[in-house]
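Heads up: the structure comes next, in structure tokens.
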Amino acid sequence: MCKKENSIEPTDNFRSCKTMESTSRNSTAVGDVARCAEHRYLSALSFHATNTHSLEITRPTITNCPDGGHDLNIRGSIEEVKELVSILTGNSVETLSFLDGNAKDGNLKVRIDVKSGKTISGDTIDNHAANSNRSPDCQVNLLALTNPDCQVTPEAHKKLNLQRRLFQETGVLVGIATAKGIQRIEEKNKKYIESNESSEEE
């Protein structure tokens, strides 16, 4: 694990980002919302990674550049990646055991496509599946939602369920991490900070 002095507290630093996501699009440029959402995710996951033994977080491109849905990439041990995915998706670690056989040198790679909008449509799922096919080195592919008001349409649910089954047969997870996922990571980070501060005071 990394030393505490190298850590930051994303919950405070990116409070303005969460406010922007809930603000009307009439007053905030869509590009700014997307950029802020990606940095919020990057900040929270980077802090989380400092308290693990193997997780590495990278951001391959800047916002709104063609990236094949690679807003963030994560690499780490099977156990720590599955634990992170469990927190983000709400799925138990046990249900992710199908990923184990597809690991490379004991590691799993995650592709995260951050979505700050209000709707996930069937077309979005089609694109997500296409990007997943174009990322054969990634065992986990997640649409990461940051807007708590985001709605997944019935068509999108239907398409996602189909793609999830197809990809799982090849040892790959294709799914969605709702806004509650990043909130759980931020709460976990906050508790870690509070625990360290309490220890220092004793």
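The values are calculated or read from the model by the stated rules, or taken from the named source; none is laboratory data. Just so we're clear, the structure is a prediction, and the values are computed from it rather than from any experiment. Cβ placement follows ideal geometry from the backbone for every residue including glycine, while neighbour counts extend to all protein chains displayed.
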### Task
Identify all residues within region 59-73 that are in contact with a helix residue (DSSP H, G or I) (Cβ under 7 Å, 6 or more places away or on another chain) and either closer than 14 Å to Y41 by Cβ or outside any loop (DSSP other than H, G, I, E, B) (or both); write none if there are none.
R59, T63, G69, D71, L72
### Task
Tell me which of these P148 doesn't satisfy, since it passes every other one: (1) surrounded by 21 or more Cβ atoms within 10 Å (Cβ to Cβ); (2) touching a residue at least 40 places away in the same chain (Cβ under 8 Å).
(1)
### Cross-chain or 6+ apart pairs with Cβ under 6 Å, region 186-199 first and within 26 Å of T146 (Cα to Cα) and in contact (Cβ under 8 Å) with a residue 12 or more places away in the chain, then assigned to a helix (DSSP H, G or I) and aromatic (F, W, Y)
N189/F47
### Residue check, V110 assigned to a helix (DSSP H, G or I) and on the phi < 0 side of the Ramachandran plot
no
### Message
Can you pull out every residue in region 137-163 that is in contact with a Gly (Cβ under 6 Å, 6 or more places away or on another chain) and basic (K, R)?
### Response
K159
### Message
Test of understanding: among N127, N131, N91, which residue is surrounded by fewer than 20 Cβ atoms within 10 Å (Cβ to Cβ) and in a loop (DSSP other than H, G, I, E, B)?
### Response
N91
#### Entry: Cβ-Cβ under 9 Å pairs, at least 6 apart or on other chains, region 63-87 side under 16 Å from T50 (Cβ atoms) and of a type in the set (K, R), far side part of a helix (DSSP H, G or I) and modelled with pLDDT of 95 or more
R75/V81
### Query
Taking region 153-186 as the region of interest, how many residues are over 27 Å from N107 (Cβ atoms) and more than 17 Å from the chain's Cα centre (by Cα)?
9
